[in-house]
Amino acid sequence: MTIENFNIAPIFAEPIYRADISDSITDKHVEYIQNLEMNRNQSNLISKNLYIFEEPELIEIKNVVQEALDFYAAEVMGINQQLYVTQSWSLINNPGVGMHTHSHSNSVVSGSLYYCEMPVPIAGMIFDRHRTYQQIDLTPSSEKRSIYNTSMNLIAPKKGEVILFSSSLQHNVEPNTSSQDRYSIAFNAFIKGKLGNFRDVSELILE
């Protein structure tokens, strides 16, 4: 017997929010960020200041990132609580440098902001659906890869783009194969507001 009547449907999805906020980023912003003091961070460079959105020079960018987080909370997550930026930092990947696979602790939503020109070829972000050790590794054939079985997805960032995603998603950055530095900002966001229910003795108020 050959089964001819069947259907395949995705029942869960991981949202990746992408928005162009280039109109809110000025040359003055770019100059300020690129002149931040940097420290060595394994293979790449990370800003000494890990709360850069708290600097008055970046208030306009912080405000538009908050607008994106407000939309993500209300329309993507569908929650009444508010997301707000906790830590924020600048990154530089020099030629030949990528970023190891990682996820973000003590955070609900994480983001990347590409505030200036991207080097060509673009080093993309790779998202990995595997969050923990896999006892059985079943790798699909390359010609059979689909949204149902692929373990990784790649996003090629664009200048002026902010990308939001679940902090639990493992991700890494491809090596920068260009001759120019790859600049970006990363940030985490947590929630504030009331969770749970008073009568169920599960209420938690985060401020």
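Laboratory data are not the source of any read-out in this text; all were calculated from the coordinates shown. Everything quoted here is computed from the prediction, not taken from an experiment. We place every Cβ from the backbone using ideal geometry, glycine too, and count neighbours over all the protein chains shown.
Among 18, 182, 40, which comes first, then next, by fewest other beta-carbon atoms within 10 Å?
By the 10 Å Cβ count, ascending, the order reads 40, 18, 182.
May I ask you to sort 24, 112 by Cβ crowding, counting other Cβ atoms within 10 Å and putting the fewest first?
Ranking 24, 112 by Cβ neighbours within 10 Å, fewest first, gives 24, 112.
Treat each spin label as a single point 7 Å out from the Cα along the C-beta direction, and report the residue 105 to residue 29 distance in nm.
3.1 nm
Sort the following peptides by mean Cβ neighbour count (other Cβ atoms within 10 Å, averaged over residues), highest first: 77-83, 184-190.
184-190, 77-83
Can you spot the aspartates and glutamates whose alpha carbon is less than 17 Å from residue 28's alpha carbon? Ignore those fewer than 8 places along the same chain.
Filter leaves 37, 54, 55, 57, 60, 117.
Going by C-beta contacts inside 10 Å, put 37, 203 in order with the fewest on the left.
37, 203
Treating only the Cβ of Lys, Arg, Asp and Glu as charged (+1, +1, -1, -1), what charge dipole size does the range 78-151 show about its Cα centre? Round to the nearest 20 debye.
160 debye
So, counting K/R as plus one and D/E as minus one, what does the shell of residues with Cβ under 15 Å around residue 157 add up to?
Value of the local net charge: -1.
Is the C-alpha gyration tensor of the chain telling us rounded, prolate or oblate? Criteria: a/c under 1.5 is rounded; beyond that, a/b larger than b/c is prolate, otherwise oblate.
It is oblate, given that a/c is not under 1.5 and a/b is not larger than b/c.
Using the alpha-carbon centroid of each, what span in Å lies between the range 144-207 and the range 56-71?
One Cα centre to the other: 17 Å.
Only Lys, Arg, Asp and Glu count, each charged at its Cβ (+1, +1, -1, -1), so figure out the dipole size of the range 156-199 about its Cα centre, rounded to 20 debye.
So the magnitude is around 400 debye.
Label-point separation (nm) for residue 80 and residue 202, each offset 7 Å from Cα along Cα-to-Cβ?
About 1.4 nm, to one decimal.
In the range 92-143, which chymotrypsin sites (Phe, Trp or Tyr not before Pro) are in a loop and have at most 13 other Cβ atoms within 10 Å, using DSSP for the loop call?
Answer by residue number: 133.
In the chain, if the dipole is taken from +1 on Lys/Arg beta carbons and -1 on Asp/Glu beta carbons about the Cα centre, which of 6, 171, 50 is farthest to the positive end?
Working it through, the farthest residue towards the positive pole turns out to be 6.
For residue 60 and residue 20 in the same chain, what is the full-extension length gain: residue separation times 0.36 nm, less their Cα-Cα distance, in nm?
Contour length minus Cα-Cα distance gives 13.0 nm.
Along Cα→Cβ, 7 Å out, is where each label goes; now give me the distance between the ones at residue 7 and residue 179 in nm to one decimal.
For residue 7 paired with residue 179, the spin-label model returns 5.6 nm.
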